[in-house]
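The values are calculated or read from the model by the stated rules, or taken from the named source; none is laboratory data. Only a predicted model underlies this, so the values are computations on that prediction, with no experimental measurement involved. We place every Cβ from the backbone using ideal geometry, glycine too, and count neighbours over all the protein chains shown. Areas reflect the complete protein model, heavy atoms only, side chains present, ligands, DNA and RNA absent. Shrake-Rupley method; radii C 1.70, N 1.55, O 1.52, S 1.80 Å.
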Amino acid sequence: MTLLTLLSTLVWWVLYGSILALFATLIAWPVLRWIERANVVFNRVYLACLLWTLAGMAMVAGVALYEGHVRPPFAPLLASGGLRIALVVDMLLGAALLWRLIPRSDARRIRPTSACLAVATVMAVTFGIATSLA
């Protein structure tokens with residue numbers, strides 16, 4: 001693997017991660033505003049979602065490489081226990097990142113339950129879109 005290939009892979013990883021982070025942010029931000037009954041900082045929601053999606057993409061890619069399911073069909077990957085464990089860890093990481101990184105307008109952190117609800121909403125919408133496309 002050459003240096004240029006590695007650099008290109010990292011650029012695409014960050015590009016797709018930022019697109020997915022914007023999608024997650026547009027879901028999580030209104031949910032957090034509603035559940036907290038206070039304004040939350042949009043940029044910090046985006047930062048937390050960006051770190052969450054980059055880590056999640058790396059975990060899913062790692063599981064796919066470890067299990068050898070890097071080419072279609074992906075049904076065996078979706079049915080694997082390793083991917084399910086990675087998704088649970090991904091959701092826990094997402095809730096922790098949202099809770100630790102997002103302040104409200106009164107400079108207090110959001111509640112952990114709010115972070116969990118935002119992560120659950122993002123994952124539910126994502127799974128709904130993914131299953132309707134499959």
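Odds and ends about this structure:
- Degrees between helix 42-67 axis and first principal axis of the chain (Cα, 0 to 90, nearest 10): 20
- Residues of segment 35-77 with amide N under 18 Å of the 7 Å Cα→Cβ point at Met123: 48-64
- Largest to smallest in accessible area, the residues Trp34, Trp29 fall in the order Trp34, Trp29 (1.4 Å probe, all protein chains included).
- Each peptide in 6-15, 94-103 receives the mean, over its residues, of other Cβ atoms within 10 Å, and ordering these scores from highest gives 94-103, 6-15.
- Between 0 and 90 degrees, the angle of helix 3-36 with respect to the longest Cα principal axis of the chain falls at about 30 degrees.
- Of the three principal axes defined by the Cα atoms of the chain, the extents in descending order read 48, 34, 23 Å.
- Inter-label distance, Val11 to Phe74: 2.3 nm, where each label sits 7 Å from its Cα along the C-beta direction.
- Among Thr25, Thr126, the sequence by solvent-accessible area, most first, with a 1.4 Å probe is Thr126, Thr25.
- Only Lys, Arg (+1) and Asp, Glu (-1) charged, at Cβ; the chain dipole about Cα centre in debye: 420
- Tyr16 contributes about 120 Å² of solvent-accessible surface, heavy atoms of the protein only, 1.4 Å probe.
- Across segment 75-134, the fraction of Cα-Cα pairs farther apart than 19 Å, rounded to a whole number, is 42%.
- C-alpha center-to-center spacing [segment 57-127, segment 39-54] in angstrom: 14
- Peptide packing for 54-64, 111-121 was compared via the average number of neighbouring C-beta atoms within 10 Å per residue; ordered from the highest value, the list is 111-121, 54-64.
- Across segment 3-133, the relative contact order, built from alpha-carbon pairs under 8 Å that are at least six residues apart, equals 30 percent.
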